[in-house]
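Chemist: Could you have a look at this structure, given as structure tokens, before my questions?
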Amino acid sequence: MSGQHDAQLDRHALIAQIVRRFEQAHLRLGKTALQKIIFLLQRSFGVDAGYNYTLYTYGPFCADVARDLDVVAAFGGAQISYDLGCGGYQIHPGPANDEIRERASAFLKGLSDALERVTRDFGGLSAKDLELRSTIVYLAKPGMFRKELIEQVHDVKPHFAPAAIAAAVGELESKGYIDGLLEDARN
Amino acid sequence: MPRRDKEVRCPIHGFVRLTPFEQDIIDHPPYQRLRRIRQLALTEMVYPGATHTRFEHSLGVMHVASLMFDQVRSEIKRIGPANANFTSDDLDKARVMVRLAALLHDVGHAPFSHAGEEVMPTIRGQRRRHDHEDYSAAIIRQFFADVIDNHPDNVHRITANELCEFLGQGRPPKNMLFWRELIKGQMDADRADYLLRDSHHIGVAYGRYDLHRLIATLTVAPHPETEELSVAVEEGGIQTVEGLIIARYMMFTQVYFHHTRRAYDHHITEVLKFVLEQDYRSRGEQPSQTFLPPTAVDENQSRSNLERYLNWTDPVVWEMIDTGRAGPHGDLIRLRRHDRVVARTSATPTPKEVLSLQKDTLPMVADLGGWLDLADAAWYKFDKAGIFVTDGRKTYELPDRSAVVKGLEPVFQARVYVPLDREEKAKTKLQ
């Protein structure tokens, strides 16, 4: 039971840490962005927060992340507001943010480099752009043909043009988030 | 002569209609096993009426999912959103897929439902345990492929593999992803059914809400942040959704997280660990306190693991409890001498309060067999995120349109339990 509690503390601290890091970097953090950042930390950097993501039309989503964000907010680790001007949510650190992070300092230390990378590579993107990129990472598998990946992403997200998907795939490859794609000999 | 649809009676929805295709799936032995898995584990130790099974719930979910599907399909037709690229054939196939997914979504449950998930093995290299969804997918692939893939009524050529992908195990077939919301969303058919069904059998009114009004107000709208087509509720349906959320909140606090019910979840988990270990020993295998994993590198091994898993049902374990072969926790269950709460936090505590219970209070009674239970570790989690409301122009998350929902704090209560015969001693120590 104690192990379960420690896992919870780690998850809450992870959310508090992302909220704080985005605030420090003067980046906007919404609920969608938080979902996708945690997904990328788990999938691309092996950060083991124990969240199980499912793909939806709006990209990889985990209900436990949404719920944990509510708990962190109730604990005072984050403040969530709806921004009528921007038309979306904004998450800022709350008064207990430091306290929540300190409870799992060892866990957070182990992921600081990964969080820096993800913040740098994805922090400035819109929710829509993050949704596309996290969907690509979700669907990509080593040994898959590039064309096949682009088609699969287009099936899931038909409003993104294949050219835009191809550009995002190239960007993710160059940054090392996906690898092992094969070129289709028919192209 | 073509076979006919059948209707079965349901205490919640009246009649549930089953096609011959669905009847054949239901008649398959791994499906019939759900008649022997109770929906709410040992909740009957507190609420004697809670003896309903995963079988009747699964039929109910299929019924509700169909109602939701038909409403959303009619809304897609009415509104004609630009990003809904469904052909008529896509929609017909999606309806069958949604019904089959709803029917089969719980087929992988362990004995005593969610309590049994505590003895599922961890996924290799991860912190997370397998859950019943992993077992459902593996069982569908191994045992239902023939009845699904080769059924003469399967006109849309749906495969067991596609069904698993639709249920969340990977990428669903083309144009099916949108419909996943009805099976695995924040306001899905599963929750819509279990709140009403659990309330009915338990005999409480907490879980009741207006299902038919809820369905009538379902529509489609762009996601508030990504603009993707999503299932939403019309503004006029806010009060109905509030009813659903409050029902879930009340069921969580009054039933699912009831202090005695949680004690029995703990005891039955310990029983399962004990009987599993005994089972491995009796086979001359390395003893373990978890089920075999749902998948293995070798297909035959996967099938063999699942065959053994499917032999475990509530009555099999009850027989061991009744005959004194389920270990000390089995005896506690048989004699109804469950552990008692000696300390707890408030329902919505501060992090300090929770930590103090774990670091200060628990060690004081550890030598008396004290253990900590967290509401957050409960399986029927209460949450309010991810339900969208639309006024026809813009989409919002429910808490932004509902002061009632916004005001509901997440429950994160923690409790310390000790065995009944040490309750007084523990209370004295903690004074």
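The values are calculated or read from the model by the stated rules, or taken from the named source; none is laboratory data. Note that the structure is a prediction, hence the values are computed from the model and not measured. Note that we place each Cβ from the backbone using ideal geometry, even for glycine, and neighbour counts take in every protein chain shown. When the accessible area is computed, the model is the full protein with side chains, heavy atoms only, and any ligands, DNA or RNA have been set aside. Shrake-Rupley method; radii C 1.70, N 1.55, O 1.52, S 1.80 Å.
Chemist: What quantity of accessible surface, computed with a 1.4 Å probe and excluding non-protein components, is buried in total between chains A and B, in Å² to the nearest 100?
Modeler: 4700
Chemist: Could you check the spin-label model distance between B:Tyr280 and B:Arg4? Points 7 Å from the Cα along Cα→Cβ, value in nm.
Modeler: Output for this residue pair reads 5.3 nm.
Chemist: Per residue of A:156-168, count partner chain C-beta atoms within 10 Å of its C-beta, then hand back the mean as an integer.
Modeler: Rounded to a whole number, the mean comes out at 2.
Chemist: If you project the alpha carbons of the stretch A:140-187 onto the principal axes, what extent comes out on each, in Å, largest first?
Modeler: 26, 26, 16 Å, listed from the longest principal axis down.
Chemist: So, one more: Based on the Cα atoms of the protein assembly as shown, what semi-axes does the equivalent ellipsoid have, where each is the square root of 5 times one gyration tensor eigenvalue, given in whole Å with the largest first?
Modeler: 36, 32, 25
Chemist: Can you work out D for the stretch B:150-292 in µm² s⁻¹ from Stokes-Einstein, where Rh is the Kirkwood radius over C-alpha pairs, the temperature is 4 °C and the viscosity is 1.567 mPa s?
Modeler: The diffusion coefficient I find is 68 µm²/s.
Chemist: Round to the nearest 10 and report in Å² the accessible area of A:Met144, as given by a 1.4 Å probe over the protein chains' heavy atoms.
Modeler: 20
Chemist: Using alpha carbons only, what's the Rg to Rh ratio of the stretch B:341-431 with Rh from Kirkwood?
Modeler: When Rh is taken as the Kirkwood radius, the ratio is 1.21.
Chemist: Sticking with this structure for a sec: Within 10 Å of each Cβ in peptide B:225-234, how many partner chain Cβ atoms are there on average? Round it to a whole number, please.
Modeler: 5
Chemist: Can you pull the one-decimal nm distance between simple spin-label points at A:Phe145 and A:Ser105, each 7 Å off the Cα toward Cβ?
Modeler: The modelled label-to-label distance comes out at 5.4 nm.
Chemist: Give me, ordered by chain and number, the residues 5 or more places off A:Leu182 or on other chains with an amide H under 5 Å from its own placed amide H.
Modeler: Sorted by chain and number, the residues that satisfy this are A:Gly143, A:Met144, A:Phe145, A:Arg146.
Chemist: Same structure, new question: Quick one: ranking B:Trp318, B:Trp179, B:Trp371 by accessible area, 1.4 Å probe, largest first, what do you get?
Modeler: The ranking, largest first, comes out as B:Trp318, B:Trp371, B:Trp179.
Chemist: Rounded to the nearest 500, what is the 222 nm mean residue ellipticity of chain A from helices alone, with -39500 (n - 2.57) per DSSP H run of 4+ residues and division by all residues?
Modeler: Calculated mean residue ellipticity at 222 nm is -18000 deg cm²/dmol.
Chemist: Which order do you get for A:Leu130, B:Leu167 if you rank them by accessible area with a 1.4 Å probe, largest at the top?
Modeler: Highest to lowest solvent-accessible surface, that is B:Leu167, A:Leu130.
Chemist: How many percent of DSSP beta bridges within chain A run antiparallel, rounded to 5?
Modeler: If we restrict to bridges inside chain A, about 90 percent are antiparallel.
Chemist: Turning to a different aspect of this structure: When we measure straight from the Cα of B:Lys174, which lysines land under 30 angstrom away, once same-chain ones fewer than 8 places off are left out?
Modeler: Within the straight-line limit of under 30 Å, B:Lys174 reaches these lysines: A:Lys31, A:Lys36, A:Lys128, A:Lys141, A:Lys147, A:Lys157, A:Lys175, B:Lys77, B:Lys93, B:Lys184, B:Lys384, B:Lys394.
Chemist: Same structure, new question: What order, most packed first, do the peptides B:111-118, A:136-143 have when packing is the mean number of other Cβ atoms within 10 Å of each residue?
Modeler: Descending mean neighbour count gives B:111-118, A:136-143.
Chemist: Calculate the mean, over all residues of peptide A:70-77, of how many other protein chain Cβ atoms lie within 10 angstrom of the residue's Cβ.
Modeler: The per-residue average across the peptide is 5.
Chemist: Right, another one. Note the per residue figure in Å³ for the convex hull of the C-alpha positions in chain B.
Modeler: It comes to 166 Å³ per residue, whole-number rounded.
Chemist: How much accessible area does B:Arg3 have with a 1.4 Å probe, in Å² rounded to the nearest 10?
Modeler: Around 130 Å² of this residue is reachable by solvent.
Chemist: So who's got an amide H within less than 5 Å of the one on B:Val233, skipping anything under 5 residues away but keeping other chains? H placed 1.01 Å off N, in plane.
Modeler: The answer is B:Thr219, B:Phe388, B:Val389, B:Thr390.
Chemist: May I pose another question? At 1.4 Å probe size, put B:Leu310, B:Leu218, B:Leu67 in order of accessible surface, largest to smallest.
Modeler: Correct descending sequence by accessible area is B:Leu67, B:Leu310, B:Leu218.
Chemist: Right, here's the next one. What do you get when you divide the Cα radius of gyration of the stretch A:2-124 by 2.2 N^0.38 Å, with N the number of residues?
Modeler: 0.98
Chemist: Report, to the nearest whole %, how much of the accessible area of the stretch A:2-124 belongs to carbon and sulfur atoms, 1.4 Å probe, protein only.
Modeler: Here it works out to 47 percent.
Chemist: Tell me the carbon and sulfur percent of the accessible area for the stretch A:140-187, rounded to whole percent, probe radius 1.4 Å.
Modeler: Carbon and sulfur atoms account for 58 percent of the accessible area of the stretch A:140-187.
Chemist: Which value at 222 nm does chain B reach when only helices count, each DSSP H run of 4 or more adding -39,500 (n - 2.57), with the total divided by all residues and rounded to the nearest 500 deg cm²/dmol?
Modeler: Only helices count here, giving -13000 deg cm²/dmol.
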